[in-house]
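In what follows, a single structure is set out as structure tokens and then discussed.
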Amino acid sequence: MVWRRQLERLLEVGRLRNVSLPVMPTNSEAHPGLGGKIEVLKFADGTAVGRSDGAYSGRPAMEPKQLRVLELRYATVRAQALTPRESLAFVEEVLGET
């Protein structure tokens, strides 16, 4: 039931106009997201900080070059993920199987 509720919540949020829900297929080739989550926070004053489980030993990254690496890794993950429409269809399919 927990899995089912999580899938239902993903569908609910994924249908919002201001939300994009990209799903990475499990059969996709190796990608930078396999090393763990990638986070980049950008602030109004132009500063940024990032972190990734798979880069820089999980330590915060603040150098422009390090942030660019994290952004490129994230872009690669997004490029290989399903489109938002395909992602919602995939979640619906999985929900139907549970």
Using a 1.4 angstrom probe on the protein heavy atoms only, could you order F90, F43 from most to least accessible area? F43, F90
Averaged per residue, what accessible area in Å² does the chain show with a 1.4 Å probe, protein chains only? 73
The percentage of the accessible area of the chain (probe 1.4 Å, all protein chains present) made up of carbon and sulfur atoms, to the nearest whole number, is 55
Please list S20, S52 in order of solvent-accessible area, largest first, computed with a 1.4 Å probe with all protein chains present. S20, S52
Which trypsin sites (Lys or Arg not before Pro) from the stretch 29-66 combine a DSSP loop assignment with at most 13 other Cβ atoms within 10 Å? K37
How large is the helix-only mean residue ellipticity at 222 nm for the chain, computed as the sum of -39500 (n - 2.57) over DSSP H runs with n ≥ 4, divided by its residue count, in deg cm²/dmol to the nearest 500? -14500 deg cm²/dmol
For R73, R15, what's the largest-to-smallest order of accessible area, 1.4 Å probe? R15, R73
If you plug each phi of the stretch 26-36 into the Karplus form 6.51 cos²θ - 1.76 cosθ + 1.60 with θ = phi - 60°, what whole-Hz ³J(HN,Hα) values come out, in order, with x for Gly and Pro? 6, 9, 6, 5, 4, 9, x, x, 5, x, x
On a 0 to 90° scale, report how tilted helix 84-97 is relative to the longest principal axis of the chain, with both axes built from alpha carbons and the result rounded to the nearest 10. 50
Which GluC sites (Glu not before Pro) from the chain combine a DSSP loop assignment with at most 12 other Cβ atoms within 10 Å? E29
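The values are calculated or read from the model by the stated rules, or taken from the named source; none is laboratory data. Just so we're clear, the structure is a prediction, and the values are computed from it rather than from any experiment. Please note: Cβ atoms are built from the backbone with ideal geometry, for glycine as well, and neighbour counts cover all protein chains shown. Accessible surface is based on the protein model in full, side chains and every heavy atom, while ligands, DNA and RNA are left aside. Shrake-Rupley method; radii C 1.70, N 1.55, O 1.52, S 1.80 Å.
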